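Rule-based calculations on the coordinates, nothing more; no lab input. Just so we're clear, the structure is a prediction, and the values are computed from it rather than from any experiment. Heads up, the Cβs are rebuilt from the backbone with ideal geometry, glycines too, and the neighbour counts pull from every protein chain shown.
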Amino acid sequence: MAHGVPTNEKQQIQRVEMCNITKCFPGVLANDRVCFDVNQGEVHALLGENGAGKSTLMRQLYGLYRPDEGEILINGRPYTFNSPADAIEVGIGMIHQHFMLVPTMTVAENVALGLKSSREPMLDLDKVSARIRELSQLYGSIIDPSAYVWQLSVGEQQRVEIIKALYRGASLIILDEPTAVLTPQEVNDLFVTLKRMVKDGHTLIFISHKLHEVMAISNRVTVLRDGCLIGTRLTSEVTRNELVKMMVGRDVRQLNPQPLKSGPVRLEIQGLQAMGDRGTEALRGINLQIHGGEIVGLAGVSGNGQRELAECLAGVRKTNHGTILMDSVDISFMPLKQRIDSGLAYIPEERMRDGAVREFSVQENVFLHDHASPKYTHGIFLDFARMRVFASELVKNFNVKTPGLDTPIKNLSGGNIQKLIMARELSRQPKVLIAAQPTRGVDIGATEYIHQRLLQQREEGIAIFLISEDLDEICVLSDRIAVLYEGRIMGIVERNEATVEQIGLMMAGISMTEAMQR
Amino acid sequence: MPPEKEEIAVRTRRFGSPGMFFNALLPLAGMLLALLIGAVMLLILKVNPLTAYAEMVGGALGSVSGITQTLVKATPLLLVGLGICIAFRASVINIGGEGQIIVGALAATWFPLTFRMWPGWLLVPSTLLVGFAAGAAWGFIPGILKARLKVNEILTTVMMNAIALQLMNLLIRSVLMDPAGITAGTYLAQSERLPEQSWLTRLVPQTLLHTGTLIAVALAVIVYIFLWRTTIGYRIRAVGLNPDAARFSGINVPFNQALSLTLAGGFAGIAGAVEVLGVQHRLLEGITSGYGFSGIVAALFGGLHPLGTIPAALLFGGLLVGGDKMQRAVQVPNSLIDAILGLVVLFVVGSALWSRRWAARRQMAAAKNQKELG
Amino acid sequence: MNDVFQLSVVAGILTSAIRLATPYLYAAIGEAFSQRSGVVNLGVDGIMLISAYASFYIVLNTGSIWLGLLAAIVVGLLMGLLMAFISVTLKAEQGISGIGLYMFGLGLSSLLFKTTIGTVKTVTGFQPVKIPLLGDIPVVGEIFFQHSLLVYGAFLLVPLAWFVLEKTTWGLKNKSVGQNPAAADSLGVNVDRVRYVSVCIGAILAGIAGASLSISLLNLFQDNLTAGQGFIAVALVYFGGWKPVGILWGALLFSTVNAFQLWMQVLGVKIPSDVAIMLPYLLTIAALAITINRVRQPAALNKPFERGES
Amino acid sequence: ATPPTAVPATEAAPTEAPATEAPTVEPVEPFRIAVIMPSAITDMAFSQSMYSALIAVQTEMGGESALEIKYSEGMFKVPDAAAAIRDYASQGFNVVIAHGSQYGASVQEIAVDFPNVTFAWGTDVNTFGMPNVFAYTAAAEQGGYINGVLAAMLTKTKTIGVTGPVEVGDAKTYVDGFVQGVASVDPAIKVSKTWTGSFSDVALMTEAAKTHIAAGADILTGSSQSVVGSIGAAKDNGSVLWFGTQQNQSSLAPTLVVASQVYDWSGMIKEIIANNKAGTLGGQAYVLQLKNDGLKIVFNPDYALSAEIKAAGEKAIADIIAGTITVNP
Ligand SMILES: Nc1ncnc2c1ncn2[C@@H]1O[C@H](COP(=O)(O)OP(=O)(O)OP(=O)(O)O)[C@@H](O)[C@H]1O
Ligand SMILES: Nc1ncnc2c1ncn2[C@@H]1O[C@H](COP(=O)(O)OP(=O)(O)OP(=O)(O)O)[C@@H](O)[C@H]1O
Ligand SMILES: [Mg+2]
Ligand SMILES: [Mg+2]
């Protein structure tokens, strides 16, 4: 139990200070004498590249880790958190980067978990449900407490996370990259909610890689790099570029891709229909053509069929109807393996789950698709020498930061895993590349790098289908933008033809003509 | 990363760092603790633990007969363990070793009796293959049920053990029953003795040590190469570590799961065949001797690594042999040895946590130093 | 063959099946508690053995069946603590710890039996209790309502376990630590403690399963009395999809077929006895293969939990 | 075709028997016997029958100073047993008894290396033609026959249940004899048999016995260490009678056990000791029979068996001994 927690009434958190926090993991010093503080009613943003130590710092405040050194003061009094229970007790809540939900349980069960019930030892989910409705209405739209978490969209899941914290009476809420998985509309909704929470007296710590969000919502910004504190600034007194420099240690270039003359159609989708995981119709007749040397961006609120579309193209989901042509060859019924071999590359959205084998080494992950290619085998035997040459070339060319080729990939940072998967897919000289959320959760430096690579591939004549919920990314990179809504394409526009707002309207189901008029 | 540094990383991984020495000490400490508790039990039974343990060590290692005996026991443990390595690497839990050994032994009894005119150079390898095939078939059934119908393999392999046992009961009291037992009216539950040319060659006279041990070691190397140097092994490991990523890479996940269970069954089948051809020279009740279970322990002790399973099987075999010797020497009930062995397993596996923690602590210290230096 | 369909035979089969299912129900439902929290305990058979011994020893020496049952519970608890310590606190590979526990239980029970009792003896254990009124119903009463208390207990355990697992706050914690321990941990649920309790409940029930053999159904103890029933119980958890009711169907199927094959032998139906004995195993596999509704195992099953290892 | 007791087995030429060296047992040194058994010495069946016989002989000879006994129990793994046999032989035991038919091959190999040690193994009749190997077996069908005769005369429901493990070895021959015995009294009596497929599954054995009882059997019998479960079931029922084999099982249900066929290995052991001391280290096969007192029908004094039935039983014993009745295994 936390020391000195008032026995009866939960105190209001006025001020939190973290002093000289040091935290070491095997092989990394994740936090090196970091100081951080936050005051009541403030939104304090925490910035840094992948692996800078942001999550680690916050997990210590939430009692998930114990600092090796340093002190945590709340309202001036030192506290030791042995577990999240202690942090929850003093009124701290945390929305984790990777949601901490049990998919096989309902919303109400997830919220009630770990709490005393009014009818102890029995559950009283009705009471919990009522309060969930109340809270969700107060801070946005209602969430069905009896829905299973696996049935919810990512945005809804995040709201469950927020409700979980509010339900426990948290007055300080840590949000670890809450916007990484949200659509622009959802981000807006979230910001409305967050502002409302601040007005109600809550204190927020906000982690993000997106500078405009940080500029928009925070009062102060703290930047970490390599586990060390770089500095804390008032948001009003700092510029974007200054922040980038603090984070990355250099300037980051703005991309400005020039239009290209596109080649012949390489990927053609005709009348594609498919079912979703929940047994409903997810795709209701998709028609789309992508030319070589062209990036087509697919915009849309998550859950409108993006994942299903990507999976149908990649061959891991059954289509009900329609055809897919690659270089005029019908690949609709080709098994996955054959599609890969004939030039389709796919960067899955859930890269840790679907794109890489965590325990495999960097080198082994490079050959997930091509381990049986005659280039790297003698009969059934793998040719390590040649594999090694190729893998180290790839790591070098794509600037993947890894201690070695034999390091298990799980020890790499998110951005570097992403780069490696990218490297793998692009090195196969595909005809068509499907990139789903290629920069989700990746820091600025790595994002820049990945974007450059995509443009480079475009120049080489590859047809690229970019599926992203980050509208900025889509608008910067795509030659044409298709908007997906409820399993249908609402319209396809040239890059400079439509504004972000117009695309946003189409994402909300407004027809193209109507949207373009507004 | 400069190449030399990478080289070093590779080398330490391959040949072990000084830290591994301590990692090896911890399981030994766990074992000592178990033996200490065993010593208390011995004292209660009014037996001097020092004498008892001296007999145990001596029994396993102190003589040619002890050492060969250890090797003879380690052989089926290793063979079953190799199959377990393959299955568990594919994330398939094979509890069916007992049944797979039985059918391997059944096939390896039937075959030489049927083709008793074949010369030894032909009969021995083909019998081993037949044993492999029979075990593989027994592993294939839960494999295909898992692949096609998603039936949990723990359930099926447990049930298949019982089925195999009854199959043996059925055959051993009908077609495979020793005709001599029928003539003499004893109706013993054993088969006829196999033709002599089908026996595995004895390596040391007056002991049971046979060429099966060498075969097992050779197979361990082959399984190592199979798992880490071939495309099939690569796929099996990928399926075990992350079926989703494997599927997204075009790997047929159910096929590889079924394949790994089939291979696991095959290795247990060879173990059964080797027991018949190398040790018993006929089929008997109790042919499995529980190797189907202890093979799992050996493989897990060996870190699910075929080469690691070799010392693990030897350790386990030695404990069993030494335990028997101790029982004979100090006349304690056999079950005491079982209980002590159980404790050894528990404490050795429990000590793994500290090994991991020590390794982590060393790495942390290294990280701090590096930071301070650079 | 026609005999098989006589009412008395059907009644006999069902009565037998209910008796035979008893130890499986206790042990498998206990294992479900443990597995739902993420811990596979393969040592059930060992726990059953040593508890069977303990309860038998106590009844033999005190004559009190209740003290005997208590002994089984206490010994089961101790074995559960040992398993939990190794697999939860020390985060050891659960498969090996379970097999170690099995070997330990097998060896120790036989050792103690030999040193403290020495030869097979019988005791007067839990006697059949005819339930008033219900027990007097012809046929039905005989089948269902003339059993010993531990048999009734096994069947009452099904709704009780269902209630605890599905309707209580603790049941929610138990499920969450087996599905996503990191999430439970982040809400202040003490993952290790929930797993300790779950493993111990499982072990206590395994202990009662042992007692149901030695002081209720058989009323004697002998080396390796369970003859591998604990492993069948683990398999039944998979059959039942980690649900008490599913386990009930599995245990009833298995034991009904077993009772059926015994009756076939008694009635002299001409099939080899070995084939008859295979039947329950074959049919259990077949039943699972043809039922389509397959439950996913708890996501964190067999995975030790350590904070920060996402 | 039961081989007569203690005849030189066909392969063994009796004249060749004397070993190279006369037994060196000095009178002060105890005679040393080691025994290897497949199950526990407390199994109430096969292993226990041998162990009790050894203890009985030891007592008769004057305790440990006259006869030293060492045992290895639970040796169901043959390689372990082989190691034990070899170990005992090399420790200079006079007699090593391998008490299980599965040990035959091991005995055959090891005996060659220890010409001065007597090996005895069973149950079988094969001495492998070796001068230092005795074989032994029990004609379980004979006692089975007697039990069958008694049971047939006692049954009221004309239904008798047999609970067996696996239909092999003496579990089979005993039951076959039993069935013949019943049929000799009244062929109309129904003898139904169940096999559990396991020597150790007490729970299934119990349920098998309960099934017989539910099907109308008023008398049960059966073989293997798991029949303790059947006896328990008979006892729970309270009025079902039991016939035992291998061991005297009266203590398990004092009012319900009518009689047990008891394997008494002590006569054979004494004969082996005597032979060994006289320099005959092997070459013979022993068969426990009613005739040579190796098999005994032990009536339970606590069960009031009517004199008439008991007389019928004793007549059958006499007939078998006299050879007027032959029982086929
Ligand atoms: N549980 C852990 N075990 C070992 N190392 C860890 C662990 N968690 C974090 N690290 C390491 O600590 C460093 C900081 O990680 P942290 O999660 O705090 O980064 P972050 O700033 O949140 O990055 P991101 O933007 O990718 O979320 C990384 O180098 C990471 O490898
Ligand atoms: N057990 C671990 N050992 C070493 N590094 C780890 C471990 N667990 C996590 N990390 C590293 O810690 C950092 C932060 O981990 P986290 O779980 O926050 O994922 P992430 O990489 O930030 O994911 P995302 O790309 O979704 O932001 C990552 O660099 C990850 O690789
Ligand atoms: Mg983070
Ligand atoms: Mg991140």
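Give, rounded to the nearest 20 debye, the magnitude of the charge dipole that chain B has about its Cα centre when Lys and Arg contribute +1 at Cβ and Asp and Glu contribute -1 at Cβ.
Using only the charged Cβ atoms, the result is roughly 1000 debye.
Return the sequence-ordered ³J(HN,Hα) values of segment B:227-242 in whole Hz as given by the Karplus equation 6.51 cos²θ - 1.76 cosθ + 1.60 applied to θ = phi - 60°, using x for Gly and Pro.
Result, rounded to whole Hz: 6, 10, 10, 10, 5, 5, x, 4, 5, 4, 5, 4, 4, x, 7, 7.
Per residue of C:173-185, count partner chain C-beta atoms within 10 Å of its C-beta, then hand back the mean as an integer.
Details: counts 2, 0, 5, 8, 2, 2, 5, 10, 1, 5, 14, 6, 7.
Partner-chain Cβ atoms within 10 Å, mean over residues of C:173-185: 5.
In whole Å, what are the extents of segment A:7-247 along the principal axes defined by its C-alpha atoms, from largest to smallest?
Sorted from largest, the Cα extents of segment A:7-247 read 50, 40, 35 Å.
For segment A:330-404, compute the orientation-averaged projected area of the C-alpha convex hull (one quarter of its surface), in nm². Show your work: numbers first, answer last.
Values: hull surface 25.5 nm².
Hull-based average projected area comes out at 6.4 nm².
Taking amide H positions as placed 1.01 Å from N in the peptide plane, with prolines and chain starts having none, which residues 5 or more places from A:MET490, or on another chain, fall under 5 Å of its amide H?
Answer set, sorted by chain and number: A:VAL483, A:LEU484, A:TYR485.
If Rh is defined by the Kirkwood formula over all Cα pairs and Rg also comes from Cα, what ratio Rg/Rh do you get for chain A? Provide the component values of the computation, followed by the final result.
Values: Rg = 24.0 Å, Rh = 24.6 Å.
With Rg and the Kirkwood Rh in hand, the quotient comes to 0.98.
Just tell me how shielded C:231-237 is by partners: mean number of partner chain Cβ atoms within 10 Å of each residue's Cβ, no decimals.
Values: counts 8, 5, 1, 4, 10, 2, 3.
Mean inter-chain Cβ contacts per residue within 10 Å come to 5.
Each residue of segment B:42-50 in turn: what ³J(HN,Hα) in whole Hz from Karplus with 6.51, -1.76, 1.60 and θ = phi - 60°, glycine and Pro shown as x?
Here the 3J(HN,Hα) series is 4, 4, 4, 7, 6, 10, 6, x, 5 Hz.
Treating only the Cβ of Lys, Arg, Asp and Glu as charged (+1, +1, -1, -1), what charge dipole size does the protein assembly as shown show about its Cα centre? Round to the nearest 20 debye. Walk me through the intermediate numbers first.
On the way: 117 positive and 121 negative charges, 492 e Å.
Its charge dipole is roughly 2360 debye.
Under 8 Å for C-alpha pairs, at least 6 residues apart: give me the relative contact order for chain B, rounded to a whole percent.
Working: 613 pairs, mean separation 127.5, N = 374.
Across chain B, relative contact order equals 34 percent.
Sorted by average packing, counted as other Cβ atoms within 10 angstrom per residue and highest first, what order do B:137-143, B:126-132, A:324-330, A:80-86 take? Walk me through the numbers on the way to the answer.
Working: B:137-143: 27.4, B:126-132: 22.0, A:324-330: 15.9, A:80-86: 18.9.
Put in order of decreasing packing, that is B:137-143, B:126-132, A:80-86, A:324-330.
Restricting to DSSP H runs of at least four residues, report the calculated mean residue ellipticity at 222 nm for chain D, -39500 (n - 2.57) per run over all residues, nearest 500 deg cm²/dmol. Present the calculation step by step, with values, prior to reporting the outcome.
Values: 9 runs with 122 residues, N = 329.
The helix-only estimate for chain D comes to -12000 deg cm²/dmol at 222 nm.
What's the center-to-center distance, using Cα atoms, between segment B:339-370 and segment C:58-128 in Å?
Segment B:339-370 and segment C:58-128 have Cα centres spaced 29 Å from each other.
Quick one: Debye curve from the alpha-carbon atoms of segment C:191-264 only, equal weights, vacuum; give me log10 I(q)/I(0) at q = 0.19, 0.20, 0.21 Å⁻¹ to two decimals.
Relative scattering, expressed as log10 I(q)/I(0), comes to -0.98, -1.06, -1.13.
Sorting check: for B:326-333, C:206-213, which peptide has the highest mean count of neighbouring beta carbons within 10 Å, and how do the rest follow?
So the peptides B:326-333, C:206-213, ranked by packing, come out C:206-213, B:326-333.
Which of the peptides A:452-458, A:88-94, A:391-397, C:24-30 is most tightly packed, and how do the rest follow, judged by the mean count of other Cβ atoms within 10 Å per residue?
Final packing ranking: C:24-30, A:88-94, A:452-458, A:391-397.
So what are the three principal axis dimensions of segment A:294-369 from its Cα atoms, in whole Å, longest to shortest?
39, 31, 27
Give me, ordered by chain and number, the residues 5 or more places off A:ARG119 or on other chains with an amide H under 5 Å from its own placed amide H.
Excluding prolines and chain starts, which carry no amide H, the hits are A:ASP124.
Whole number please: convex hull volume per residue of the Cα set in segment C:113-182, in Å³? Show your work: numbers first, answer last.
Working: hull volume 13.0 nm³, N = 70.
Considering the Cα atoms of segment C:113-182, their hull volume per residue is 186 Å³.
Work out, in µm²/s and without decimals, the Stokes-Einstein translational diffusion coefficient of segment D:121-258 at 10 °C, 1.306 mPa s, Rh from Kirkwood over C-alpha pairs. The partial results should precede the final answer.
Numbers: Rh = 15.1 Å.
Calculated translational D: 105 µm²/s.
When you look at the Cβ of every residue in B:116-128, what mean number of other chain Cβ atoms sits within 10 Å? Show your work: numbers first, answer last.
Numbers: counts 0, 0, 0, 0, 0, 0, 0, 0, 0, 0, 0, 0, 0.
Average neighbour count from other chains, rounded to a whole number: 0.
Report the residue, chosen from B:TYR224, B:TYR291, B:TYR187, that carries the largest GNM mean-square fluctuation when chain B is represented by alpha-carbon nodes joined by springs under 10 Å.
Looking only at B:TYR224, B:TYR291, B:TYR187, the largest GNM fluctuation is found for B:TYR187.
Name the residue farthest towards the positive end of the dipole of chain B from the options B:LEU208, B:LEU227, B:ALA54, assuming +1 on Cβ of Lys and Arg, -1 on Cβ of Asp and Glu, about the Cα centre.
B:LEU227
For chain B, what is the mean residue ellipticity at 222 nm derived from helices alone (per DSSP H run of n ≥ 4: -39500 (n - 2.57); sum divided by total residues; nearest 500 deg cm²/dmol)? Show your work: numbers first, answer last.
Values: 16 runs with 284 residues, N = 374.
Taken over chain B, the calculation gives -25500 deg cm²/dmol.
Have a look at C:LEU149, C:LEU70, C:LEU14 and tell me which one the Gaussian network model of chain C (Cα, springs below 10 Å) gives the largest fluctuation.
In the Gaussian network model the winner is C:LEU149.
Any idea how far the Cα center of segment C:234-310 sits from the one of segment B:51-130, in Å?
Result: 29 Å between the Cα centres.
Any idea how far the Cα center of segment A:59-78 sits from the one of segment A:88-133, in Å?
First find each Cα centre; the distance between them is then 24 Å.
List the equivalent ellipsoid semi-axes of chain D in whole Å, largest first, each obtained as the square root of 5λ for an eigenvalue λ of the Cα gyration tensor. Present the calculation step by step, with values, prior to reporting the outcome.
Details: eigenvalues 268, 80, 59 Å².
Rounded to whole Å, the semi-axes are 37, 20, 17.
Which residue, chosen from D:GLY238, D:TYR136, C:ALA209, occupies the Cα position most advanced towards the positive end of the dipole of the protein assembly as shown, where the dipole is computed from +1 (Lys, Arg) and -1 (Asp, Glu) charges on Cβ about the Cα centre?
Result: C:ALA209.
Cα-based Rg of the protein assembly as shown per 2.2 N^0.38 Å, rounded to two decimals? Write out the running numbers ahead of the final one.
Values: Rg = 37.0 Å, N = 1531, 2.2 N^0.38 = 35.7 Å.
Working it through for the protein assembly as shown, the quotient is 1.04.
Sticking to Cα atoms, compute the Rg of segment C:23-227 to one decimal and its Dmax as the biggest Cα-Cα distance, whole number, in Å.
Taking only Cα atoms of segment C:23-227, I get Rg and Dmax of 17.9, 57 Å.
Remind me, relative contact order of chain A in percent, using alpha carbon pairs under 8 angstrom and six or more residues apart? Please list the in-between numbers first.
Working: 1022 pairs, mean separation 78.3, N = 518.
About 15 percent, as a whole number.
Quick one: what Rg and Dmax do you get for chain B from the alpha carbons, in Å?
For chain B, the Cα-based Rg and Dmax read 22.7, 86 Å.
Placing +1 at every Lys and Arg Cβ and -1 at every Asp and Glu Cβ, with all other atoms neutral, what dipole size does chain C have around its Cα centre, in debye to the nearest 20?
420
Can you give the helix-only mean residue ellipticity at 222 nm for chain A, where every DSSP H stretch with n ≥ 4 adds -39500 (n - 2.57) and the sum goes over all residues, rounded to the nearest 500 deg cm²/dmol?
Values: 17 runs with 166 residues, N = 518.
My calculation for chain A gives -9500 deg cm²/dmol from helical runs alone.
Can you work out the Karplus-derived ³J(HN,Hα) for every residue in segment D:280-291? Use 6.51 cos²θ - 1.76 cosθ + 1.60 with θ = phi - 60°, whole Hz, and x for glycine or proline.
8, 8, x, x, 10, 10, 9, 10, 5, 9, 4, 4
What percent of all Cα-Cα pairs in segment C:1-58 falls in each 5 Å bin, counting up from 0?
4, 15, 16, 16, 14, 11, 9, 9, 5, 1
Would you grab the residues whose amide H sits under 5 Å from the one on D:VAL35? Only those 5+ places off in sequence or on another chain, please, with H modelled 1.01 Å from N.
Amide H neighbours of D:VAL35, under 5 Å, 5+ apart: D:LYS70, D:TYR71, D:SER72, D:ILE97.
Give the angle, between 0 and 90 degrees and rounded to the nearest 10, that separates the Cα long axis of helix C:7-36 from the longest principal axis of the Cα atoms of chain C.
Helix C:7-36 and the main axis of chain C meet at about 10 degrees.
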